[in-house]
Structure formats: structure tokens, C-alpha cells
Amino acid sequence: MTLLNVRGFEIHKGFLSSEAQDELVAVVRDVVLVAPLFQPDTPYGKPMSVRMTAAGSYGWFSDKSGYRYIPAHPSGHPWPDIPAKVLAIWESVTSLSRQPECCLINYYAPDAKMGMHQDKDEADFKCPVVSISLGDDALFRIGNRTRGGKTESIWLQSGDVVVMGGDARLTYHGVDRIRGGSSSLLPKGGRINLTLRVVD
């Protein structure tokens, strides 16, 4: 494993072994069986290119009313608990006793992307956001605390874990593209990204 620091983002390259990645995919599938993936709309009425679901006390949601956390899946069913194997990663990279209340699960098809954004729908910015990559490589772009300006990009591979805390907590970031076929972890390709957040 290699630890990189890019603009305050702690990037743990190769944090998860192949076996650990397989185990995470299995627990994500269990979550999706209970809380199926859905495709939210942006507040501007355009469908997002990622599909998502969640585990924990909250899930993240978007529609014409704006971005927010909701206490149940759009179907009305409660979100499943965050799997223990996912919580163990949070504990390992943050050393925090406080646990996340949301594990957002984004699925990126080979043509999906995520525009530059801040994670700012949470109440306490002192707690980091932890991001776990599974499947195909993603070109991760890191910007600044305000829109615009020079950015840096790094390829995230399956098994990489990113900690966004401290000065990096409100830095703009996004995913420019997916390198389809770069991983054999997911039989149908694509990328799964888990992000762990303290919401309240």
C-alpha cells in the first residue's frame, strides 16, 4: 500500500486486497437486494449519470427540490444497516470512535461521470468523508475550495481508499471518466464507489 497526499486528500493506494474487494462486492450486493439502485434527477431536472443507493440511517437524494439526505429509500423501505466490513475500513483510516450514518453507494457505468462538487449537505464538517473504489479505474479530479482554478487529477483503482478531511473536507472534486474494462472485479464492468459520511 502507498499513501499519497494530493491537496490534503489522503489517498491510500492498494488499501484493499483482492479478497477484501470480493468480500465488499458481496456485501454491496446484499444491500442492493434490499435497497435497489435508482437514478436521481438533479435540481435542474436532468437525470444523473450514476445510479445509487445507500445503507445506514440516511441515504443521499436529489430531485427538483434539491440535494438532501432522506431517512428511507425512495420506495419507502428503511435503508439497510451499513455492513460491518465497510465500517471496519472507516475505523481503520480515520481512527474515529464516531461512526458514519450514511454509506452512499454509487454505480458508474463506463460512460458515467460526476461533475465537480462539494460534499456539504452534512451538519458537521469536522468529520471526514471516506471514499472506497471498487471495479474499473476512475479519473478523479481535485480542485479548490471555490469553483474554478487549477485542478489535479489522479487515477483511482479498485481497492483504493480516499480520506477527505481537514482542509480538504470542502474541496471541490469529481470523476471525469471511467476506464472501462480496466478491472475484472465486476462481471459486467463499471465502478462502485462507497462514500461514508457523518450526517448529523
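Where a number appears in this text, it was derived from the coordinates with a stated rule and is not lab data. Because the structure is a prediction, the values reported are computed rather than measured. A quick note on method: Cβ atoms are made from the backbone with ideal geometry, for glycine too, and the neighbour counts reach across all protein chains shown.
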Next on the checklist: I'm spelling it out carefully: the read-out is log10 I(q)/I(0) by the Debye sum over Cα atoms at q = 0.08, 0.10, 0.13 Å⁻¹, the candidates are (i) -0.40, -0.54, -0.76; (ii) -0.23, -0.37, -0.65; (iii) -0.30, -0.46, -0.74, and one was derived from this structure. Which label?
Outcome noted: (ii)
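What dipole magnitude, in Debye to the nearest 20, does the chain give about its Cα centre under +1 on Lys/Arg Cβ and -1 on Asp/Glu Cβ? The partial results should precede the final answer.
Values: 22 positive and 22 negative charges, 136 e Å.
Around 660 debye, computed over the chain.
Report the extension gain between R177 and D30 in nm, rounded to one decimal, defined as 0.36 nm multiplied by the number of residues separating them, less their alpha carbon distance. Before the final figure, lay out the partial values.
Details: separation 147, 0.36 × 147 = 52.92 nm, distance 2.68 nm.
So the chain would gain 50.2 nm between R177 and D30.
Please work out the FRET efficiency for the pair Q39 and L139, using the Cβ-Cβ distance as r and a Förster radius of 22 Å; give the result to the nearest 0.05.
Values: r = 22 Å, r/R0 = 0.98.
Between Q39 and L139 the formula returns 0.50.
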Item to check | Inter-site label distance for S49 and S65 at 7 Å from Cα along Cβ, in nm | outcome: 2.8 nm
Checklist entry - Tell me, how many Å apart are the Cα centres for segment 172-190 and for segment 1-65? => result 12 Å
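Fewest first, what order do S182, S92 take by the number of other Cβ atoms within 10 Å? Please list the in-between numbers first.
Numbers: S182 17, S92 12.
Going from least to most buried by this count: S92, S182.
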Item to check | Selection of trypsin sites (Lys or Arg not before Pro), segment 133-199, meeting DSSP coil and at most 11 other Cβ within 10 Å | outcome: R147, K150, K188
Checklist entry - Label 7 Å along Cα→Cβ of D124; segment 179-200 residues with amide nitrogen under 17 Å? => result 196-200
Checklist entry - Exposure proxy check: D30, D121, D136 ranked by fewest other beta carbons within 10 Å? => result D30, D121, D136
